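Novice: There's a structure below that I have some questions on.
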Amino acid sequence: MSPAPVSRIALYYRFAPLADPEAVRLWQRTLAASLGLTGRIIVSPQGINGTVGGPVDAVKQYVKGTREHPALKDLEVKWSDGSAADFPRLSVKVRPELVAFGVPERITVDEHGVVGTGERLTPERLEALVAERAGTENPVRFLDGRNTVEAQIGRFDGAVVPAAHTTRDLLAAVDSGSLDHLRDAPLVTYCTGGVRCEVLSALLKDRGFREVYQLDGGIVRYGEAFGDAGLWRGELAVFDRRIALRFSEDAETIGRCVTCEAPTSALRNCSDPACTTLEVRCAACAAADPDRRC
């Protein structure tokens, strides 16, 4: 009996002007479906953002095919363990924005990406910057660019976590002035794979934040470089059937069940079929109250 083919998940994004997003959507659906891949792909006039899974050879063919588009030839891909089974289906959609901040008119994209973003930091450069500024009057601060539930099970040491359930809530936090106390700090934005922070860092700079950075490749790339031996604490929330990822066996469990406060990284929907908001909830409490509504 031959062994099962090795499978992988590819995560990627590329900000680049796309003149005909609908044509790109049709091409992407045909390409991914022909290779038996599943996942989620967003196409917009600003570029492309996707997560796809399947046999590793098929995913590599997909990446190679996608890079044949002139605007996507520099597409960078992050690889993760997983397969097509981690996604319910293949979804390819056109959206007005690559990240749904709700202000496409405030973001400019050219062939190099988002105009006016924060400076990109590799994981190694991030560690060095934190060490350089430690003990000074202006140490590095972290700003979580995800939602509050994701941050409950994993985040960087001392990170500021805005009260945000959606990406538009992040914009509201920037525009309201609630983050203005960080204006003069060396501020590092971070998110899962980096795409949200391309936009978030540009919005912060536009508001007058003076020293803004973004973690290049996001938490995923940082975990590849340092695992749980660096500044990251806990587990990484992902929005497929894996739910959460541990970078190593040394990962801390920093999440707390909303009902009993027991340590857990389990993210669950409530019993309402219309519910789209996850909550941190341990297995025992989920079993004791299966009809819980958020």
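The values are calculated or read from the model by the stated rules, or taken from the named source; none is laboratory data. Here the structure is a predicted model, which is why all the values come from computation and not from measurement. Counting neighbours? That spans all protein chains shown, and the Cβs are built from the backbone with ideal geometry, glycine included. With ligands, DNA and RNA removed, areas are computed over all heavy atoms of the protein, side chains included. Shrake-Rupley method; radii C 1.70, N 1.55, O 1.52, S 1.80 Å.
Novice: Apply the Karplus curve 6.51 cos²θ - 1.76 cosθ + 1.60, θ = phi - 60°, to the phi angles in segment 171-183 and return the couplings in whole Hz, x for Gly and Pro.
Specialist: So the J values, rounded to whole Hz, are 4, 4, 5, 5, 6, 6, x, 5, 9, 5, 5, 9, 4.
Novice: Provide the gained length on full extension for the span Asp81 to Glu132, in nm with one decimal, where the gain is 0.36 nm per separating residue minus the Cα-Cα distance.
Specialist: Contour length minus Cα-Cα distance gives 15.0 nm.
Novice: Determine the gain in length on full extension of the stretch Asp74-His165; use 0.36 nm per residue of separation and subtract their C-alpha separation, reporting nm with one decimal.
Specialist: Full-extension gain reported as 29.6 nm.
Novice: If you don't mind, another one. Enumerate the amide H contacts of Ser7 below 5 Å, restricted to partners 5 or more residues apart or on another chain; note that Pro and chain-start residues carry no placed amide H.
Specialist: When sequence neighbours closer than 5 places are left aside, the close amide H contacts are Val56.
Novice: Does segment 209-256 come out rounded, prolate or oblate, given a ≥ b ≥ c as the square roots of the eigenvalues of its C-alpha gyration tensor, rounded meaning a/c under 1.5 and, failing that, prolate meaning a/b above b/c?
Specialist: prolate
Novice: Can you give the FRET efficiency to the nearest 0.05 for Asp289 and Arg241, using r as the Cβ-Cβ distance and R₀ = 22 Å?
Specialist: That pair, Asp289 with Arg241, gives E of 0.45.
Novice: In sequence order, what are the phi-derived ³J(HN,Hα) couplings for segment 245-254 according to the Karplus relation 6.51 cos²θ - 1.76 cosθ + 1.60 with θ = phi - 60°, rounded to whole Hz, with x for glycine and proline?
Specialist: After applying 6.51 cos²θ - 1.76 cosθ + 1.60, I find 10, 9, 7, 7, 6, 8, 4, 7, 9, 9 Hz.
Novice: Right, something else. Would you mind working out the accessible area per residue for segment 170-247, using a 1.4 Å probe, and quoting it in Å²?
Specialist: Using a 1.4 Å probe on heavy atoms only, each residue of segment 170-247 averages 34 Å².
Novice: Here's something else I'd like to know. To the nearest µm²/s, what D does Stokes-Einstein give for segment 106-239 at 20 °C and 1.002 mPa s, using the Kirkwood radius over alpha carbon pairs as Rh?
Specialist: Rounded, D is 145 µm²/s.
Novice: Label Asp206 and Ser178 with points 7 Å out from Cα along Cα→Cβ: what is the distance between them in nm?
Specialist: 2.0
Novice: Let me ask something additional. Summarise the accessible area of the chain (1.4 Å probe, protein heavy atoms) by the percent that is carbon and sulfur.
Specialist: Taking all protein chains in place, the chain shows 50 percent carbon and sulfur surface.
Novice: Go through segment 116-175 and name the GluC sites (Glu not before Pro) that are in a DSSP coil and have 16 or fewer other Cβ atoms within 10 Å of their Cβ.
Specialist: Glu137
Novice: Right, here's the next one. May I ask for the distance between the Cα centers of segment 181-208 and segment 222-237, given as a whole number of Å?
Specialist: Cα centroid of segment 181-208 versus Cα centroid of segment 222-237: 20 Å apart.
Novice: Lys and Arg at +1, Asp and Glu at -1: add these up for the other residues within a Cβ distance under 12 Å of Ala251 and post the number.
Specialist: So the environment of Ala251 carries a net charge of -3.
Novice: Of all beta bridges DSSP finds with both residues in the chain, what is the antiparallel percent, to the nearest 5?
Specialist: So the antiparallel bridges in the chain amount to around 65 percent.
Novice: Further question: Give me the distance in nm between label points sitting 7 Å out from Cα along the Cα-to-Cβ direction at Ala229 and Asp250, one decimal.
Specialist: About 0.6 nm, to one decimal.
Novice: Give me the mean projected area, in nm² to one decimal, of the convex hull enclosing the Cα positions of the chain.
Specialist: So the Cα hull casts an average projection of 17.2 nm².
Novice: Continuing with the same structure: Is the C-alpha gyration tensor of segment 164-282 telling us rounded, prolate or oblate? Criteria: a/c under 1.5 is rounded; beyond that, a/b larger than b/c is prolate, otherwise oblate.
Specialist: Oblate is the answer for segment 164-282, as a/c is 1.5 or above yet b/c matches or exceeds a/b.
Novice: If each residue of separation counts as 0.36 nm, what is the full-extension length gain between Ala262 and Glu105 once their alpha-carbon separation is subtracted?
Specialist: 52.1 nm is the gain from fully extending Ala262 to Glu105.
Novice: Can you give the alpha-carbon Rg of segment 94-174 over 2.2 N^0.38 Å, where N counts its residues?
Specialist: Dividing the Cα Rg of segment 94-174 by 2.2 N^0.38 Å gives 1.30.
Novice: Here is a follow-up. For segment 1-116, compute Rh as the Kirkwood radius over C-alpha pairs and then the Stokes-Einstein diffusion coefficient at 10 °C and 1.306 mPa s; write the answer in µm²/s, rounded to an integer.
Specialist: Result for D is 109 µm²/s.
Novice: Further question: Could you work out how far apart the two model spin labels at Ser91 and Glu119 are, taking each label as a point 7 Å from the Cα in the direction of the beta carbon, and quote it in nm?
Specialist: 3.8
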